[in-house]
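The values are calculated or read from the model by the stated rules, or taken from the named source; none is laboratory data. Small disclaimer: the values here were computed from a predicted structure and weren't measured. Cβ atoms come from the backbone with ideal geometry, glycine included; neighbour counts cover every protein chain shown. The accessibility values were calculated without ligands, DNA or RNA, using every heavy atom of the protein model including side chains. Shrake-Rupley method; radii C 1.70, N 1.55, O 1.52, S 1.80 Å.
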Amino acid sequence: MHQTNPLNPEQWEAVKHVEGPCLVIAGAGSGKTRVVTFRIVHLLENGVDPGSILGLTFTNKAAEEMKERVKHLTNQHVLICTFHSLGARILRESIEALGYTRSFAIYDEDDSEKVLKGCIDTLQLAEKKGDINLFRGMISRAKNDMMLPDDIDPTYFLETSGRQLIELYKLYQERMKAANALDFDDLLFLTVRLFREHPEVLRKYQERFKFLLIDEYQDTNASQYEIVHLLAKEHRNLFAVGDPDQSIYSWRGASIRNILNFEHDYPGARIVRLEQNYRSRANILNAANVLIKYNESRYEKNLWSDLGPGEKIKVYGADDDRAEAAFVVEKIRKHHYQEQIPLSQMVIFYRTNFQSRTFEDELLFKRIPYIIVGGISFYARREIKDILSFLRIVQNGTDFIAFARTINLPKRGIGGTTIEKLHAASLQERLPIYEYCRALCVGEPLKHPVKLSAKQKENLTEYIQILEKLRKLASEGSLKDLVFAAVYDTHYLQVLKEEPDTQADRKQNLDELISKAAEWEELAENNTLADFLAELSLKSSLDETDHSHEKVRLMTLHNGKGLEFNVTFLVGMEEDLLPHINSKEEGNALEEERRLCYVGITRAKQFLYLTFARSRFMWGVRRGMFPSRFLKEIPIEYKERVVL
């Protein structure tokens, strides 16, 4: 194997490790997947029963690729799967010990939400239905922290009444069990319970899985860590691969402590460092090495490459965010047309989703195709389309589609049947839908009045009053003030509260739309509402007919893990953006922001650009910005200032 599949000395040291705990600190681009695959092959060649090997990954795609590689090299089948797949497999065999039957159903989000809504009704928390996602998120957090309802202190749930939520969690679990059903979190949560409460069941799986391999160990949460710890306790043949410097998912529950405490958890463990990088030029790696040394929570390692020094990292300071986007897009054009680098080998990384907007505008203007990876285009995002619909009904009272989209934002109890009746009656009256509803609310004589309940009429009246206020603002005020009012005076922020996991990002996108309106007023020749809506409508539908795979990638840094690009742009390298404003008060959070920057830098193969703006529109106003501390932490010998 060593001759036909050459490995470097450190990779070979990891591959030939057979018994006892081993932690492989696998730096970015160091051939980690190759090492895991060949370690399994080495075990099989040394007579280890394939049925006693268990590989755990975080995605089905990674698991399938690894299984296929092993099958191709050995013609043997080894169980490699995700943590949730393993949980489902174990519970399908042994869940009877917890009082379920093996024929349990696994409920998706819609099914489990219906159960939760029923529990809310039973406990007479009807007024809290809008908070269902909040409740579901808190129950999920409790399960990932491996807490039963009786284990929870009421202060654990700070967002709402702790005692109420404990009762809700308890009833939800009872009803799920009565239905012989599990939700997604139960696949891990109940596996841990099964192992802890039934040692004889745990022993069965310890005997079955004598060799464990865990990929991306730094991304494990509390329940995943506990499953691994319990399975490995007997034989201690745990082979964990990961990189603390790429631990960037604490918001998903991942704990960097799991990998940092490996030697404490498994005394005598062998530590192997994979430091040769096969992806990037040396200047890029040297910069990344120095940057990450500012973090304390890490294992020491030093990435290196024999691909040559390469070009220095280019640092560009723009006057504002529009100039930053213009610089980036011009460099994309240069690399593509002069050096024939495919567009698909170029990426723009940003910290938060709202930052995509200025780059989308510039790419559209220059007719360069792009794709948002792991997200959707700024102008196609639901919250943006919602607010633009409010503006459309203000601009054009006959826009029934905009009316139907906005009437229940937030909920007003006016259902689809009633909306259709209003539409049909407005057509019979030959009145725009807005004018018809206004007349209906104020009691003007109509030939075809739609009967509404008192509550419906009250809510429709409130909606019409909001539109009247927005119409007045459209004729008298600024476009920025109008967009601001469309976000805040419509009570749209109540809609965002229904999805707490995405609330902050969606709010930032709306603030960016306000910034767009302010920018439009500043720069556009015709800064009317009609022109503004026309421009944005064109942007949202543009590129739909372009089926080319040759597109520039735009994505958040969190979505960049595991990828690599010839030309990489890290944009918005400013204080309050990277590092994010929410991280600056806490040391651990600041270190994670630095790791996020490190992940972005180590995606770059040849050309790396770090850009910042001295001012940008944020939250609807132009703000002075300061370069990120991370720029200053990169030594001058690895970077150079450039101009357009």
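Scan the range 466-491 residue by residue and report those that are crowded, with 19+ Cβ neighbours inside 10 Å and touching a Pro at 6+ places or on another chain (Cβ under 9 Å).
Result: Thr490, single match.
Could we say that Val15 is modelled with pLDDT of 90 or more, aliphatic (A, V, I, L, M) and surrounded by fewer than 20 Cβ atoms within 10 Å (Cβ to Cβ) here?
For Val15, the condition - modelled with pLDDT of 90 or more, aliphatic (A, V, I, L, M) and surrounded by fewer than 20 Cβ atoms within 10 Å (Cβ to Cβ) - is not met.
Can you report the number of residues in the range 214-229 which are of a type outside the set (S, T, N, Q), open to solvent by less than 10 Å² (accessible area, probe 1.4 Å) and more than 15 Å from Asp186 (Cα to Cα)?
Of the residues in the range 214-229, 3 are of a type outside the set (S, T, N, Q), open to solvent by less than 10 Å² (accessible area, probe 1.4 Å) and more than 15 Å from Asp186 (Cα to Cα).
Return yes or no: is Glu10 more than 31 Å from the chain's Cα centre (by Cα), crowded, with 16+ Cβ neighbours inside 10 Å and of a type in the set (Asp, Glu)?
Criteria met by Glu10.
Take the range 270-287 and flag every residue that is part of a loop (DSSP other than H, G, I, E, B) and open to solvent by 20 Å² or more (accessible area, probe 1.4 Å).
The answer is Glu275, Tyr278, Arg279, Arg281.
Give me the residue from the range 386-426 that is of a type in the set (Ser, Thr, Tyr) and in contact with a Phe, Trp or Tyr (Cβ under 9 Å, 6 or more places away or on another chain) and, out of that set, farthest from Val487 (Cα to Cα).
Ser426
Tell me which residues, restricted to the range 231-252, are farther than 13 Å from Phe83 by Cβ, among the aliphatic types (A, V, I, L, M) and more than 24 Å from the chain's Cα centre (by Cα).
Once the filter is applied, which keeps residues that are farther than 13 Å from Phe83 by Cβ, among the aliphatic types (A, V, I, L, M) and more than 24 Å from the chain's Cα centre (by Cα), the range 231-252 yields Ala232, Leu238, Ala240.
With respect to the numbered conditions (1) more than 45 Å from the chain's Cα centre (by Cα); (2) exposed (fewer than 14 other Cβ atoms within 10 Å of the Cβ); (3) modelled with pLDDT of 90 or more, which one is the sole condition not fulfilled by Arg430?
Condition (3) is where Arg430 drops out.
For the structure I just gave you, tell me whether Glu296 is modelled with pLDDT under 95 and surrounded by fewer than 19 Cβ atoms within 10 Å (Cβ to Cβ).
yes
Test Glu167 against the stated conditions and say whether it is modelled with pLDDT of 85 or more, crowded, with 16+ Cβ neighbours inside 10 Å and part of a helix (DSSP H, G or I).
Against the criterion (modelled with pLDDT of 85 or more, crowded, with 16+ Cβ neighbours inside 10 Å and part of a helix (DSSP H, G or I)), Glu167 qualifies.
Surrounded by 19 or more Cβ atoms within 10 Å (Cβ to Cβ), closer than 25 Å to Ala474 by Cα and of a type in the set (Lys, Arg), is that true of Arg351?
So Arg351 fails the test.
Hey, among the residues in the range 357-395 that are at pLDDT below 85 and surrounded by fewer than 17 Cβ atoms within 10 Å (Cβ to Cβ), which one's nearest to Glu468 (Cα to Cα)?
Ala380
Across the range 562-585, which residue is modelled with the lowest pLDDT among those that are open to solvent by 30 Å² or more (accessible area, probe 1.4 Å) and assigned to a helix (DSSP H, G or I)?
Checked the range 562-585; the qualifying residue modelled with the lowest pLDDT is Asn582.
For the range 230-243, name all the residues that are of a type outside the set (S, T, N, Q) and either open to solvent by 40 Å² or more (accessible area, probe 1.4 Å) or closer than 16 Å to Cys22 by Cβ (or both).
Correct list: Leu231, Ala232, Lys233, Glu234, His235, Arg236, Leu238, Phe239, Ala240, Val241, Gly242, Asp243.
Conditions tested, residue by residue: (1) at pLDDT 95 or above; (2) out of contact with any Gly (no Cβ under 7 Å at 6 or more places or on another chain).
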{"residue": "Gly587", "(1), (2)": "no, yes"}
{"residue": "Arg594", "(1), (2)": "yes, yes"}
{"residue": "Gly600", "(1), (2)": "yes, no"}
{"residue": "Phe607", "(1), (2)": "yes, yes"}
{"residue": "Met618", "(1), (2)": "no, yes"}
{"residue": "Leu631", "(1), (2)": "yes, yes"}
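If a residue counts only when it is open to solvent by less than 10 Å² (accessible area, probe 1.4 Å) and among the β-branched types (Val, Ile, Thr), which strands (runs of 3 or more DSSP E) contained entirely in the range 587-628 have at least 1 such residues?
604-613
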